[in-house]
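A quick write-up on the structure given underneath.
We did not get these values from a lab; they are worked out from the coordinates using the rules stated. This one's a predicted model, so the numbers in the text were calculated from it and none came from an experiment. Cβ: placed from backbone, ideal geometry, glycine included. Neighbour counts: every protein chain shown.
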Amino acid sequence: MNKRKHLVIPEESGRRQYLSRLSAGAIGSLIGLSGCASPQLALEWNDDAIKPALASKVIVLAQHPDLVIARVSEDLMSEAIGKLGIHAVAGWRLLPDRKGSPDEQTLQLVVRQAQASHVLLLQAMPPQQSRQLAPVNHPGLGYWGPYRRWYGGTVWAQVPVTTITTSASLYDAGNNKMLWGASHMSNHAYGIRPELEAMVNAFVQGLQSRQWLPGEKR
C-alpha cells in the first residue's frame, strides 16, 4: 500500500518566507500572468508545468487578526466552492479552538483525517494607509464662486484610503506543492461582508480560469 505524503505548512512566522522562496524559485519558468486570469485579481501565479486536476475536497484556512473575519472568510469561500459541486470545509469547523495559525503537526492530522485533496490558504496583509485625490461635496460656493451651478458643491480634495491585500494559495494536500496563488486588493472598509464576497468571487474565478475548480453548475 502506498504511503501518501501530507501537507506540511510552516507556522505563521515562517510561512511568508516559505511562500516567498517557493514563488521565487519558480518565477522564471512558471509565472502565470496571462489574460485568462480573473480581471479582479491584482496578481496571479500558476504552476503551468502541472496539468490541472479538479479538486475533490478542499479545506479552506484563513489567517486574519480578527477571528470573526477569518471565520466568515472561510465560510464564504467554502460555500462558493461547494456551489460548484466540490466538497469544501471551512477550517474553523475542523479546528474550532484555534486562536492563530495551527501548528504543523495539527494541520497534518486534520488534512489526513479529512482526506482532503487540496488546501486553500487565505492570508490578509496588514492594511496600508495612503491618501489620494477624490471628489467631495462642498457646502459653500468655494473657489468657483457664482459658477457653482456648473460644478455643483463638489471639489477635489485629498482623502484617506485604506488598502487591504489578501492572498490565496492553493496546495496539493498529497505532496505539499503550491499549485496556484493570487492576491486581491480592496480600497474599502476593513472586513465588510461585500468586500469579502468580492474577494471570494475573484479567487474562485481565478481558480476556475486555471481549471483547478469547475465552471458554474447549471
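Pulled fully out, how much extra length does the chain show between R193 and L95, if you take 0.36 nm times their separation in residues and subtract their Cα-Cα distance?
33.0 nm
Please report the net charge: other residues with Cβ closer than 12 Å to the Cβ of F203, K and R +1, D and E -1.
Summing Lys/Arg as +1 and Asp/Glu as -1 gives -1.
What does the extension gain come out to for A53 and Q128, with contour length at 0.36 nm per residue minus their alpha carbon separation?
Values: separation 75, 0.36 × 75 = 27.00 nm, distance 3.59 nm.
Length gained between A53 and Q128: 23.4 nm.
Under 5 Å between amide H atoms, partner at least 5 residues away or on a different chain: which partners does L43 have, H built in plane at 1.01 Å?
For L43, whose amide H was placed from the backbone, the distant partners under 5 Å are S183.
What is the calculated FRET efficiency for D103 to V159, with r their C-beta to C-beta distance and R₀ = 41 Å, to the nearest 0.05?
On the way: r = 42 Å, r/R0 = 1.03.
According to the calculation, E is roughly 0.45.
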